[in-house]
1. Not counting ligands, DNA or RNA, and with a 1.4 Å probe, what is T33's accessible surface area in Å² rounded to the nearest 10?
2. For the chain, what is the mean residue ellipticity at 222 nm derived from helices alone (per DSSP H run of n ≥ 4: -39500 (n - 2.57); sum divided by total residues; nearest 500 deg cm²/dmol)?
3. Heavy atoms only, probe 1.4 angstrom, no DNA, RNA or ligands counted: give me V37, V24 ranked by accessible area, highest first.
4. For V62, enumerate residues with amide H under 5 Å from its amide H, sequence gap 5+ or separate chain, H modeled in the peptide plane.
5. Considering amide H positions built from the backbone, and no H for Pro or chain starts, which residues 5 or more places from G73, or on another chain, come under 5 Å of its amide H?
6. From the backbone phi of segment 108-116, what are the Karplus-calculated ³J(HN,Hα) couplings (6.51 cos²θ - 1.76 cosθ + 1.60, θ = phi - 60°) in whole Hz, Gly and Pro given as x?
7. Calculate how steeply helix 78-90 sits against the longest principal axis of the alpha-carbon atoms of the chain, using the helix alpha-carbon long axis, and give the answer as 0 to 90 degrees to the nearest 10.
8. I need the shape label for segment 84-137. Rule: rounded when a/c is under 1.5, else prolate if a/b > b/c, else oblate, with a, b, c from the alpha carbon gyration tensor.
Amino acid sequence: MNNCFHLAFHVTNLDQTRRFYGEVLGCTEGRSTATWVDFDFFNHQLSMHLGEPFKTTNTGRVGDKLVPMPHFGLVLALPDWQALAQRLESAKIEFVLPPHVRYPGEPGEQWTMFFCDPSGNPIEVKGFASPDGLFAT
């Protein structure tokens, strides 16, 4: 088994959650009950439980942008990131920050996008041309 993370958080509607994570993001549903559902989130485990989501504010300063805090996310190889960005755009997902490149030509150059699930939980997905860029300074 490869190392993976597990994140559990609140959502307001399991049917909307299933549609978004399953149909829009393409995640496979795992176990569930009447009050929670698990998903394979790109080889990581997310558990969404009915309840009140975290309060978020756009207070994270990254360069000249304010990003939602708290948020969770994912790092993908650039071709996979591009495919996901296209999938989200085709699904008419409203972006908090649309797909764009951050730090162009600098160490750590990355492509990023922010969007929210139907319960308002912010998600950032980053793409890197090389895994070496993830922790570049």
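The values are calculated or read from the model by the stated rules, or taken from the named source; none is laboratory data. The model shown is predicted, which means the values in this text are computed figures rather than measured ones. When we count neighbours, we look across all protein chains shown, and the Cβ atoms used for this are built from the backbone with ideal geometry, even at glycine. Surface accessibility is based on the protein's heavy atoms, side chains included, excluding ligands, DNA and RNA. Shrake-Rupley method; radii C 1.70, N 1.55, O 1.52, S 1.80 Å.
1. Ignoring ligands and nucleic acids, T33 comes out at about 60 Å².
2. On the way: 2 runs with 18 residues, N = 137.
So the helix-based figure for the chain works out to -3500 deg cm²/dmol.
3. Details: V37 0, V24 30 Å².
Putting V37, V24 in descending order of accessible area: V24, V37.
4. For V62, the qualifying residues are V67.
5. E124
6. Working through the residues one at a time gives x, 3, 8, 9, 9, 7, 10, 8, 10 Hz.
7. 60
8. Working: a/c = 2.64, a/b = 2.09, b/c = 1.26.
Because a/c hits 1.5 or more and a/b exceeds b/c, segment 84-137 counts as prolate.
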